[in-house]
Amino acid sequence: MWIKREIEDVLRQIATKRPSLILTGARQAGKTSLLKRVFPEHNYVTLDIPLNAQEAEESGETFLKKYPPPLIVDEVQYAPKLLRYIKTAIDQNREASGRFLITGSQKFSLMQGVTESLAGRTAILQCHSLSAREYQNWTGKPLERDSLLEFILKGGYPELHAKSLSPESFYSDYLATYLERDVTQALQVRSLRDFDRFLRLAASRTAQLLNINSLATDVGVSPNTIKSWLSILEASNVIYFLEPYYQNLGKRIVKSPKLYFLDTGFCCFLVGIRQAKDFHSNALLGSLFETHVLGQIIRHFANRGVQPPLYFYRDHYGHEVDFMIPVGNAFRLIECKWSENPSLEVRGFQEILKIVGPERVLSQSIVNQIPGTRKTQAGITVEDSVHLENSTG
């Protein structure tokens with residue numbers, strides 16, 4: 001059963017204007033199914049099959065004769081040298097559009113290949129797992145408080161919903177595949193047990209300031225090892241680093257990024273939450289809700305082909321704002337509160353107003369657990385936890 005994705009229209013538009021398009025995203029986010037659905041006339045080949053990857057890496061010209069454009073090339077990170085031959089094929093007919101549609105689950109090697117081979121010849125988009133809005137449109141039912149918790153628990157991987165799979169079984173398989181293939185190929189991980197423990201500890205710190213030394217101590221490895229493992233998670237579209245906003249704010253502010261998991265379902269699995277009722281006694285509920293909101297903002301931009309401009313603010317006096325979205329020279333401010341009656345007093349909002357001036361603050365929004373509620377006081381709006389257009393548009 002197909003779940004319509006918001007990025008479909010952007011893919012069609014770009015494919016009519018650019019000779020190639022690269023779609024990155026985590027494994028199982030739906031990249032391949034999406035391109036096959038939107039471009040059914042294209043040939044298809046996956047480099048997930050070792051023989052295909054070897055042929056593409058060692059004999060790129062012959063490979064493209066065997067699989068001519070228009071072509072979907074899946075998981076190109078397994079044969080990055082193929083990008084040079086795609087460049088040559090593009091330059092032979094530069095005016096033709098949509099000839100090569102490429103997917104990749106690992107940004108690190110993919111971006112290196114793009115820089116070397118396809119600069120100026122390709123558009124790069126990100127495909128995330130389902131947004132809450134996509135899920136709502138598919139089910140035809142609004143996400144109320146309890147169903148929102150269920151969505152946070154399950155996450156957004158399309159296959160999990162379309163096939164009604166067990167989240168525990170799905171993520172167990174996902175974790176095993178991720179550990180056994182992607183991680184071991186990208187890094188020389190000596191102990192998968194240490195890496196597994198690192199993953200679970202990182203998940204327990206979603207929506208928190210990154211502390212590499214603390215993670216290293218808890219896992220029992222060096223800080224440099226933690227840095228390399230975090231890099232692989234980021235490159236594989238598993239985590240996201242939210243940078244602090246500190247331009248012209250001096251030394252009063254915190255400069256460490258915040259760590260977020262990009263899919264709440266995987267995060268819940270890693271921290272041992274198996275049922276929605278487990279949230280009520282779990283200290284991570286607020287952090288997971290904030291992680292959910294961050295994910296919706298990122299998807300809002302990514303599904304429109306835009307790299308999300310996004311920051312947080314926190315100073316050493318405890319003033320903070322969860323999300324700051326630049327709009328030109330101004331900002332939209334967003335605070336997350338899992339509460340039935342959230343306080344409309346946000347000290348961080350007042351600090352930002354003092355620092356940048358009220359004329360540069362377009363909106364102050366509190367994202368609440370109860371969809372559809374709207375309360376205003378002193379220009380602060382309690383926003384819907386699913387639909388964020390008023391905050392991010």
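Bear in mind these aren't lab numbers, they're just calculated from the coordinates by the rules spelled out. All figures in this text were calculated on a predicted structure; none of them were measured in a lab.
Under 5 Å between amide hydrogens, built in the peptide plane, is the criterion, and for I72 it picks out N43, Y44, V45, L101 among residues at least 5 positions away or on other chains. Adding -39500 (n - 2.57) for every DSSP H run of four residues or longer, then dividing by how many residues the chain holds, sets the calculated 222 nm ellipticity at -11500 deg cm²/dmol.
In this structure the amide hydrogen of V327, modeled in the peptide plane, comes within under 5 Å of the amide hydrogens of R332, none closer than 5 places in sequence on its chain. For the chain, the longest principal axis of the Cα atoms and the long axis of helix 167-177 meet at an angle of about 50 degrees. Restricted to Cα atoms, the stretch 254-301 shows a radius of gyration and a Dmax of 11.8, 36 angstrom. The value for the stretch 287-360 of Rg(Cα) / (2.2 N^0.38 Å) is 1.16. Given H placed 1.01 Å from N in the peptide plane, which residues other than close sequence neighbours of S339 have an amide H under 5 Å from its amide H? For S339, whose amide H was placed from the backbone, the distant partners under 5 Å are Q369.
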